[in-house]
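> One structure follows; several queries about it will come next.
Rule-based calculations on the coordinates, nothing more; no lab input. Please read these numbers as outputs of a predicted model, since none were measured by experiment. Quick reminder, even Gly has a Cβ in these numbers, built from the backbone with ideal geometry, and neighbours come from all protein chains shown.
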Amino acid sequence: MLLVLWVILLPVLGCSAQEGGDSSASASEADSEKPKRPAPRFELKGVDGRPIALADHRGKPVVLDFWATWCVPCIYQVPELNAFWGIHRAANDVAVIGVAVDVEGASVVAPWIEEKGVEYQIAIGDEGLAREFGVMGFPTLAIINSDGDIESLHVGLIEVEELERLVAPLLGSSEAQEPAL
């Protein structure tokens, strides 16, 4: 019975990054009370081999999605992030970067992103970088402000409306943009 419950809850809660990881629905509220800390700097290779650096996006908010091809809930995050990216792509006011933590690298990630129709940048990372950001499960979104500080972490699935609500204050607007359907 416990196994059946686990199989049902896994897509809702997310994939654990490590044994004993907290897969709570949202860490945003807890993080909002903590002092902001600088996001760890990184330069990773994209699936195409080109470098992707967090510093390249200084001056605008960044949404980092830590995920893995073996993580079932990560599949469901792609359409939401595609929709969010679609809203912000033309204005170029927010960067969206997926950070794949698969140890096999681009050889497994590239076919996955093609199959799932990912439209935003994908970098090949690892669990070490995820831990530096405080990631405890997948998918986890790290929302970084224009100064390079981590604003919040969100563990588990997030819908475009909630993501808009979290990013809106970083854009200087009080209301989230309406998602294009």
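> Hey, got the dipole for the range 67-181? About the Cα centre, +1 on K and R Cβ, -1 on D and E Cβ, debye to the nearest 20?
Value, rounded to 20: 120 debye.
> For Val160, Val103, what's the fewest-to-most ordering of other Cβ within 10 Å of each Cβ?
Ranking Val160, Val103 by Cβ neighbours within 10 Å, fewest first, gives Val103, Val160.
> Arrange the following residues from fewest to most other Cβ atoms within 10 Å of their Cβ: Thr69, Thr140.
Exposure proxy ranking, most exposed first: Thr69, Thr140.
> A further question on this structure: Take every Cα-Cα distance within the range 42-84, group them into 10 Å bins from 0 onward, and report for each bin the whole-number percent of pairs it holds.
Reading the bins upward from 0: 23, 43, 34, 1.
> Using the Cβ atoms and a cut-off under 12 Å, what net charge is assigned to the surroundings of Asp56, where Lys and Arg are +1 and Asp and Glu are -1?
Spelling it out: positives minus negatives among the neighbours equals +3.
> Let me ask another. Step through the residues of the range 106-118 one at a time and calculate ³J(HN,Hα) from phi using the Karplus curve (6.51 cos²θ - 1.76 cosθ + 1.60, θ = phi - 60°), rounding each to whole Hz and writing x for Gly and Pro.
Going residue by residue, I get 4, 5, 9, 6, 4, x, 4, 5, 5, 4, 8, x, 5 Hz, with x marking Gly and Pro.
> Provide the net charge surrounding Asn92, with neighbours chosen by a C-beta distance below 15 Å and charges set as Lys +1, Arg +1, Asp -1, Glu -1.
Once all neighbours under 15 Å are counted, the net charge is 0.
> What net charge is computed for the residues neighbouring Gly148, neighbours being all others with C-beta under 15 Å from the C-beta of Gly148, Lys and Arg scored +1, Asp and Glu -1?
-1
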